[in-house]
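**Q** This is the structure, below, for whatever I ask next.
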Amino acid sequence: MINQPLYGRRIVITRPEAKPLAEELVRLGAEVTIVPLIEIHPAEGRALEEALESFSSYDWIVLTSVNGVAAVASALSALAGPTRVAAVGPVTADAIRERGVEPAFVASRASDDIAGGLGSIEGMRLLLPQADIADPRLAEELRGQGAEVDVVAAYRTVLVEPPMWGILPMRIADAVVLASGSACRSLAAAGGAGGGAMLVCIGPKTAKVAREVGLEVGLVADETTSDGIIQALVSQFGDSA
């Protein structure tokens, strides 16, 4: 189909905040079902609240996801002074801009790019609001460059079983999109997608987790973004759609 390279392809997306990605895939002709394998819950305790109270005392606020942006939205909108904000990926950057703040640095691919993109951070104070189960390596890399890094759980990622209505779409899907290690673990715990669906991972880190939990990865996006997922799917299915 002209301008619909994914025409007729059944694609399941497993992250809850995936409406923009789903809409773009539908525009390209796909039949899309969102079957969340994780839920985002508020952080527990007072650590996040205390971090927000001293938000402007940091040299850098490093935000790695739209969920992190949502968790600090009130403080972000009131941000003043020399504090700079860094984002992982264009989607996170857009979410920051919606709060009236222009990111001083945007990592184009993944968290790995942040540590090398902030310039000299020796002696600086950085705040890293993340998921409660986030990989600690980014904080370790930033500390390795001499920064004082406060890591705070901004939200909790909870694994959930696929709902009953989501089992059939996964079994008949051409592709199931996995956008986080948490989604991989949830799918593995549920026994996999079933059927002959190709598992499509948003990047090498997610693919690594998928393989570690016993899932067979069929496709890995070159870019760790929604656009990367779209490009991978079109490249895989476009010629045969």
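The values are calculated or read from the model by the stated rules, or taken from the named source; none is laboratory data. All figures in this text were calculated on a predicted structure; none of them were measured in a lab. Counting neighbours? That spans all protein chains shown, and the Cβs are built from the backbone with ideal geometry, glycine included. These area figures cover heavy atoms from the full protein model, side chains too; ligands, DNA and RNA do not enter into them. Shrake-Rupley method; radii C 1.70, N 1.55, O 1.52, S 1.80 Å.
**Q** From the phi of every residue in segment 199-204, what ³J(HN,Hα) in whole Hz does the Karplus formula 6.51 cos²θ - 1.76 cosθ + 1.60 yield, where θ is phi - 60° and glycine or proline is x?
**A** 8, 10, 9, 6, x, x
**Q** Can you send over the carbon and sulfur percentage of the accessible area for segment 39-145, probe radius 1.4 Å, protein chains only? Kindly include the intermediate steps, with their values, before the conclusion.
**A** Details: 2500 of 5120 Å².
With neighbouring chains kept in place, the figure for segment 39-145 is 49 percent.
**Q** While we're on this one: Long-range amide H contacts for ARG10: which residues qualify at under 5 Å (H placed 1.01 Å from N, peptide plane, sequence gap of 5 or more or a different chain)?
**A** GLU31, ASP174, ALA175
**Q** Nearest 5 percent is fine: what portion of the DSSP beta bridges confined to the chain is antiparallel? Could you put the intermediate results ahead of the total?
**A** Values: 5 of 35 bridges.
Antiparallel: roughly 15 percent of the beta bridges in the chain.
**Q** Dipole of the chain, Cα-centred, from +1 at each Lys and Arg C-beta and -1 at each Asp and Glu C-beta, to the nearest 20 debye?
**A** Numbers: 19 positive and 30 negative charges, 100 e Å.
Roughly 480 debye, rounded to the nearest 20.
**Q** Something else about it: Under 5 Å between amide H atoms, partner at least 5 residues away or on a different chain: which partners does VAL85 have, H built in plane at 1.01 Å?
**A** Amide H neighbours of VAL85, under 5 Å, 5+ apart: ILE61, ALA104, PHE105.
**Q** Add +1 for every Lys or Arg and -1 for every Asp or Glu among the other residues with Cβ under 12 Å from the Cβ of ALA193, and state the total.
**A** Details: positive: ARG10, ARG171; negative: ASP174, GLU216.
Residues close to ALA193 contribute a combined charge of 0.
**Q** Okay, moving on. Which of GLY89, GLY203, GLY119 ends up with the largest GNM mean-square fluctuation for the chain, with Cα atoms connected below 10 Å?
**A** Among GLY89, GLY203, GLY119, the largest GNM mean-square fluctuation belongs to GLY119.
**Q** Please give the net charge around ARG27, taking every other residue with its beta carbon less than 15 angstrom from that of ARG27, where Lys and Arg add +1 and Asp and Glu add -1.
**A** Around ARG27, the charge tally is -2.
**Q** Here is a follow-up. Would you calculate a helix-derived [θ] at 222 nm for the chain, using -39,500 (n - 2.57) for each DSSP H run of n ≥ 4 and dividing by the full residue count, to the nearest 500? All intermediate terms of the calculation are to be shown ahead of the outcome.
**A** Working: 11 runs with 88 residues, N = 241.
The helix-only estimate for the chain comes to -10000 deg cm²/dmol at 222 nm.
**Q** Turning to a different aspect of this structure: Calculate one ³J(HN,Hα) per residue across segment 86-95 by plugging θ = phi - 60° into the Karplus curve 6.51 cos²θ - 1.76 cosθ + 1.60, and present them in order as whole Hz with x for glycine and proline.
**A** The phi angles translate into 10, 10, 9, x, x, 5, 4, 4, 5, 5 Hz.
**Q** If you average the sequence gap of Cα pairs under 8 Å that are 6 or more apart and divide by the length of the chain, what percent do you get for the contact order? The partial results should precede the final answer.
**A** Working: 491 pairs, mean separation 51.4, N = 241.
Worked out over the chain, it gives 21 percent.
**Q** For segment 200-241 and segment 143-187, what is the separation of their C-alpha centers, rounded to whole Å?
**A** What the calculation gives is 14 Å, centre to centre.
**Q** If you average 1/r across every pair of different Cα atoms in segment 88-150 and take the reciprocal, what Kirkwood value do you get, in Å?
**A** Answer for segment 88-150: a Kirkwood hydrodynamic radius of 12.5 Å.
**Q** Over segment 113-241, what is the mean sequence separation of C-alpha contacts under 8 Å (at least six apart), divided by residue count, expressed as relative contact order in percent?
**A** Numbers: 185 pairs, mean separation 21.6, N = 129.
Relative CO of segment 113-241 lands at 17 percent.
**Q** I want to verify a result. In a Gaussian network model of the chain, Cα cutoff 10 Å, which of these has the top mean-square fluctuation: THR206, THR157, THR83?
**A** Highest fluctuation of the listed residues: THR83.
**Q** Moving to a separate point now. Rounding to the nearest 10 and keeping the result within 0 to 90°, find how far the Cα-based axis of helix 226-237 lies from the longest principal axis of the chain.
**A** The helix 226-237 is inclined about 20 degrees to the chain.
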